[in-house]
Amino acid sequence: MLIGELSRRTGVRTHQLRYYEAQGLLKPNRSTGGYREYADDAVLSVNQIRRLLGAGLSTDDIAYMLPCMTGPDPELEPCPELLDGLRARLSGLDEQIDTLARSRQALAEYIETTERRASKEYQSCDSTT
């Protein structure tokens, strides 16, 4: 199938499919006219890629995992290197979540303090009139 058909069947835009190819995630054949030709299993590959991207994995992570993927979910074959990489990515996400939670708390405190100060200033302005 050509790239337009793969795009229609997966809901993924053609420029994203070209990006996946550039990252080594898809490997289409080329017709004599230079058109990309995808096998039917490319639909499964694109769906796997999208699911893994949705899990926060990078295209580099996914390229490393491709040989270990089966099924639409996808299922990953267990191996120490793969699990180590997934655990490291999860740890990184946990660190980002902690950082965001601290930033959110600090921002909420600034808002609360500023609102409290603003309400006192408004009260003093109202009592002078």
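The values are calculated or read from the model by the stated rules, or taken from the named source; none is laboratory data. Quantities reported herein were computed from a predicted structural model and do not represent experimental measurements. Here Cβ is always computed from backbone atoms with ideal geometry, including for glycine, and neighbour counts include all displayed protein chains. Each accessible area value is taken on the protein alone, full model and side chains, heavy atoms only, with ligands, DNA and RNA left out. Shrake-Rupley method; radii C 1.70, N 1.55, O 1.52, S 1.80 Å.
Can you name the residue in region 75-85 that is assigned to a helix (DSSP H, G or I) and open to solvent by less than 50 Å² (accessible area, probe 1.4 Å) and is also farthest from GLY56 (Cα to Cα) among such residues? This residue is LEU82.
Selection over region 46-63 of residues that are open to solvent by 30 Å² or more (accessible area, probe 1.4 Å) and either within 18 Å of LEU17 (Cα to Cα) or touching a Pro at 6+ places or on another chain (Cβ under 6 Å) (or both) gives a count of 9.
Of the residues making up region 1-22, those that are assigned to a helix (DSSP H, G or I) and touching a Phe, Trp or Tyr at 6+ places or on another chain (Cβ under 9 Å) number 4. Residue pairs whose Cβ atoms lie under 8 Å apart, separated by 6 or more positions or on different chains, with the first residue in region 21-47 and without any contact (Cβ under 8 Å) to a residue 12 or more places away in the chain and the second open to solvent by 70 Å² or more (accessible area, probe 1.4 Å) and charged (D, E, K, R), are ASN29/GLU37; ARG30/GLU37; SER31/GLU37.
Quick one: is PRO72 outside any helix (DSSP H, G or I), on the phi < 0 side of the Ramachandran plot, open to solvent by 80 Å² or more (accessible area, probe 1.4 Å) and not small (Gly, Ala, Ser)? Working first, answer last.
Numbers: outside any helix (DSSP H, G or I): yes; on the phi < 0 side of the Ramachandran plot: yes; open to solvent by 80 Å² or more (accessible area, probe 1.4 Å): yes; not small (Gly, Ala, Ser): yes.
So PRO72 passes the test.
Scanning region 1-44 for residues that are small (Gly, Ala, Ser) and either open to solvent by less than 40 Å² (accessible area, probe 1.4 Å) or farther than 20 Å from ASP73 by Cα (or both) yields GLY4, SER7, ALA22, GLY24, SER31, GLY33, GLY34, ALA42. Filtering THR99, THR32 for residues that are outside any helix (DSSP H, G or I) and either under 18 Å from SER7 (Cβ atoms) or not aliphatic (A, V, I, L, M) (or both) leaves a single hit, THR32.
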